[in-house]
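One structure below.
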Amino acid sequence: MFVDVQKGYPLIYLLTATSFVTLVSTWFVSPPYVATLLLLPQLAALVCFCTLFIQVKEGCITWQFGPGWIRGRVLLSEVVTTRIILSPFAYGWGFRRIGSHWRFHRDGALALEIIYRGRRRLRLGTTRAHALQHCIECARGLRHRDS
């Protein structure tokens, strides 16, 4: 079993600071409901994207941001191969579709690229990419090798 919880402290600090600035600046300038309307997207982003959970258990790899509104899963039996890659800084944090694959990234420069069922690709960004790869390969009964 593998569990990786990545907290996005820079994002948490940034959204907290901008929420405070929004609250203070709109409280004195406009009606209070304007501050509430401006704070809602910031607080939703804070809840949704502050944490990325990656787990390998019960025959599948699962990942989710925050409370799980954005999540996914791949069965270990569908995994063809894995390899560790270096994610360019320009790709940033969060989730997005890059070319023909999805990328979920929260922290660090390493990511584990998982090729599964029909040559589909998935990249999970984690500072523990080697441990994640090892866990997936051991769960699938394969010998660990660094790619």
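Of everything listed in (1) touching a residue at least 40 places away in the same chain (Cβ under 8 Å); (2) β-branched (Val, Ile, Thr); (3) more than 30 Å from GLN133 (Cβ to Cβ), the single unmet condition for ILE61 is (3). You will find that of SER100, SER87, the residue that is surrounded by fewer than 18 Cβ atoms within 10 Å (Cβ to Cβ), over 22 Å from ALA139 (Cβ atoms) and either modelled with pLDDT under 80 or more than 14 Å from the chain's Cα centre (by Cα) (or both) is SER100 and no other.
Taken together, the residues in segment 1-55 that are touching a residue at least 24 places away in the same chain (Cβ under 8 Å) and among the β-branched types (Val, Ile, Thr) amount to 7. Taken over segment 52-74, the criterion of being open to solvent by 30 Å² or more (accessible area, probe 1.4 Å), in contact with a strand residue (DSSP E or B) (Cβ under 7 Å, 6 or more places away or on another chain) and in a strand (DSSP E or B) is satisfied by PHE53, GLN55, THR62, GLN64, ILE70, ARG71, ARG73. In segment 43-51 there is at least one residue matching the filter, namely being modelled with pLDDT of 75 or more and assigned to a loop (DSSP other than H, G, I, E, B). Taken together, the residues in segment 124-138 that are open to solvent by 10 Å² or more (accessible area, probe 1.4 Å) and modelled with pLDDT of 85 or more amount to 6.
The values are calculated or read from the model by the stated rules, or taken from the named source; none is laboratory data. All values reported here derive from a predicted model rather than from experimental measurement. Note that we place each Cβ from the backbone using ideal geometry, even for glycine, and neighbour counts take in every protein chain shown. Ligands, DNA and RNA are excluded from the accessible area calculation, which covers all protein heavy atoms including side chains. Shrake-Rupley method; radii C 1.70, N 1.55, O 1.52, S 1.80 Å.
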